[in-house]
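These notes concern the structure reproduced below.
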Amino acid sequence: MNNERSNSERVLSGAGILMTVFGALETVLFLVYVGVLVYVSKKAGNVFSAAEALLSGALFLFAALTELIAGILGFRSVKTGGRATAGMIFAALSLAASVAALILMGGMDLLTTVSLIVCAVVPVIYLTAAIRVRKDRRKDA
């Protein structure tokens, strides 16, 4: 087995590490978000009055967890030489959930558009690298 990694594998590994770190950070941020939401709702006198905020928070948590899983799977597939398909599925789910959460939270204004672009960069790089790794491995097999 050749121990030298292709450029696609390096990019997938790096994106996997970034997605793992970002997924963990986003999970912590979600907990803070829910805590602030509960605190503000209690101060206002009605607990969980903002259904959209709760739904977007749930989507945000789902996106964070799928991003974390995708990052781990991508990094592991490079290390073990395994398939990258499962990581691709989780990365696509994470990207879709992030987009849905941001749109639900803020509508489509300039800040939401910029946030969508920023949130989409690493998953799109990850997906592109995973597709290339998958294609390269099919050629080699």
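A few remarks follow.
- Some residue of the stretch 87-96 being of a type in the set (Ser, Thr, Tyr), at pLDDT 80 or above and more than 17 Å from Glu4 (Cα to Cα): yes
- Residue count for the stretch 80-89, restricted to those that are free of Cβ contacts under 8 Å to residues at least 40 places away in the same chain and in a helix (DSSP H, G or I): 3
- Residues (among the aliphatic types (A, V, I, L, M) and either within 16 Å of Val121 (Cβ to Cβ) or surrounded by 13 or more Cβ atoms within 10 Å (Cβ to Cβ) (or both)) located in the stretch 1-30: Val11, Leu12, Ala15, Ile17, Leu18, Met19, Val21, Ala24, Leu25, Leu29
- Among the residues making up the stretch 117-133, those that are at pLDDT below 85 and surrounded by fewer than 17 Cβ atoms within 10 Å (Cβ to Cβ) are Ile117, Val118, Ala120.
- Taking every residue in the stretch 112-141 that is on the phi > 0 side of the Ramachandran plot and free of Cβ contacts under 8 Å to residues at least 24 places away in the same chain and pairing it with any residue that is of a type in the set (D, E, K, R) and crowded, with 17+ Cβ neighbours inside 10 Å, at least 6 positions away or on another chain, yields no pair with a Cβ-Cβ distance below 7 Å.
The values are calculated or read from the model by the stated rules, or taken from the named source; none is laboratory data. For clarity, every value in this text was computed on a predicted model and none was experimentally measured. Here the Cβ is made from the backbone with ideal geometry for all residues, glycine too, and neighbour counts use every protein chain on show.
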